[in-house]
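The values are calculated or read from the model by the stated rules, or taken from the named source; none is laboratory data. Here the structure is a predicted model, which is why all the values come from computation and not from measurement. Because the Cβ atoms are built from the backbone with ideal geometry, glycine has one as well, and the counts that use them run over all protein chains shown. Accessible surface areas use protein heavy atoms only, side chains included; no ligands, DNA or RNA. Shrake-Rupley method; radii C 1.70, N 1.55, O 1.52, S 1.80 Å.
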Amino acid sequence: MKSFWKRLKNDKVGLIGCIGVLLVVIFGLLAPAIAPYRPEQMFTEHTMQSPNGKFIFGTDEFGRDIFTRIVYGAKVSLQVGLIAVGIGAIGGLVFGLIAGYFQGIVDQVIMRVMDVLFAFPDILLALTIVAVLGPSLTNTMIAIGIVFMPVFTRIVRGSVISVKENEYITNAVAIGVSPFTIIFRHITPNIMAPFIVQVTLGLSGAILTEAALSFLGLGVQPPNPSWGVMLNASRTYMEFAPWTILFPAGAIVFTIFCFNLFGDSLRDILDPQLK
């Protein structure tokens, strides 16, 4: 752990990404304490006001404080990102372990299913799933989790096949250790590095996909605060009230940028070939 923090401190770009991620997490977790107003609170006498001392990011068409809604939107984005990536990561870990260890017909069946999911563009597959299940926050998280599952499955499967060739795994099989014990005690701990890196990178993709679905009206539904919902609502007013779209877009760009920087740095730190 000390070596990890030392390498992270030496990686200035990764450290910037880590700080940015921490800021987004703090905003999301402490949204009620940080936001000056409630996200649904309307100031009808201050509709479409530009940034000023009272509303630092201005107000929208209903007089709602944009800064407040961005802060609460961070909470929604983190919730969707963590749960959706959690669904994809757990499913991918289980399927990848099974496919990589047993191989044969089991591997073929699992990987052909994943290939079918891979054949669809991410946003199109997510749109299809949400359209079938219905637009809601829960269904959005399920859809994004399914979209990300093939990536985790492929990464875990490849890592398992590589680790399975090691001598200590061969010896464990020879003395009769059960496959369950070998998979979860000997293989899983040794494939966590690339898995953790993909989880970090997957969070940025999940946040972007949620924003895209919400923008199209199939994700988080108004009046709930979501950066994608805010972008969709601001399209009509962006010419004479650009702040209504610039700040939500900036929040999305900043969050994804920081997660990607931190994920790239994490990959460099945890990759034994780069140490």
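Here are the numbers for this structure:
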{"item": "Residue in the range 42-63 that is open to solvent by less than 20 Å² (accessible area, probe 1.4 Å), in contact (Cβ under 8 Å) with a residue 40 or more places away in the chain and in contact with a Leu (Cβ under 9 Å, 6 or more places away or on another chain) present", "result": "no"}
{"item": "A31 being within 30 Å of T236 (Cβ to Cβ), within 26 Å of the chain's Cα centre (by Cα) and not polar (S, T, N, Q)", "result": "yes"}
{"item": "The range 179-198 residues that are over 25 Å from D268 (Cα atoms), paired with ones that are part of a helix (DSSP H, G or I) and of a type in the set (F, W, Y) (beta carbon under 9 Å, 6 or more apart)", "result": "P179/Y101; P179/F102; I182/Y101; I183/Y101"}
{"item": "Filtered residues of the range 164-181 (kept if within 23 Å of M114 (Cβ to Cβ) and either outside any helix (DSSP H, G or I) or at pLDDT 90 or above (or both))", "result": "E165"}
{"item": "Unique residue being touching a helix residue (DSSP H, G or I) at 6+ places or on another chain (Cβ under 9 Å), among the basic types (K, R) and closer than 30 Å to F148 by Cβ when the list is K12, K54, K75", "result": "K75"}
{"item": "In the range 118-139, residue surrounded by the fewest Cβ atoms within 10 Å (Cβ to Cβ) [restricted to those that are under 17 Å from V80 (Cα atoms), modelled with pLDDT under 90 and of a type in the set (G, A, S)]", "result": "G134"}
{"item": "Flag for G17 being touching a residue at least 24 places away in the same chain (Cβ under 8 Å), touching a Leu at 6+ places or on another chain (Cβ under 8 Å) and either closer than 27 Å to Y237 by Cβ or in a loop (DSSP other than H, G, I, E, B) (or both)", "result": "no"}
{"item": "Residues (open to solvent by less than 50 Å² (accessible area, probe 1.4 Å) and in a helix (DSSP H, G or I)) located in the range 26-41", "result": "G28, A31"}
{"item": "Which numbered condition Y168 misses (of (1) hydroxyl-bearing (S, T, Y); (2) more than 22 Å from V199 (Cα to Cα); (3) buried (at least 20 other Cβ atoms within 10 Å of the Cβ))", "result": "(3)"}
{"item": "When residues of the range 8-24 are limited to those that are open to solvent by 50 Å² or more (accessible area, probe 1.4 Å) and within 19 Å of L203 (Cβ to Cβ), the one modelled with the lowest pLDDT", "result": "V13"}
{"item": "Residue identified as in contact with a helix residue (DSSP H, G or I) (Cβ under 8 Å, 6 or more places away or on another chain), under 30 Å from D11 (Cα atoms) and either exposed (fewer than 15 other Cβ atoms within 10 Å of the Cβ) or small (G, A, S) (or both) among A233, A193, A241, A212", "result": "A193"}
{"item": "Residue within the range 80-94 that is farther than 27 Å from D268 by Cα and open to solvent by 10 Å² or more (accessible area, probe 1.4 Å) present", "result": "no"}
{"item": "Filter result for V71 (touching an Asp or Glu at 6+ places or on another chain (Cβ under 6 Å) and of a type outside the set (F, W, Y))", "result": "no"}
{"item": "Selection within the range 215-230 - open to solvent by 40 Å² or more (accessible area, probe 1.4 Å), touching a residue at least 60 places away in the same chain (Cβ under 8 Å) and either in contact with a His (Cβ under 9 Å, 6 or more places away or on another chain) or not aliphatic (A, V, I, L, M) (or both)", "result": "Q221, P223, N224"}
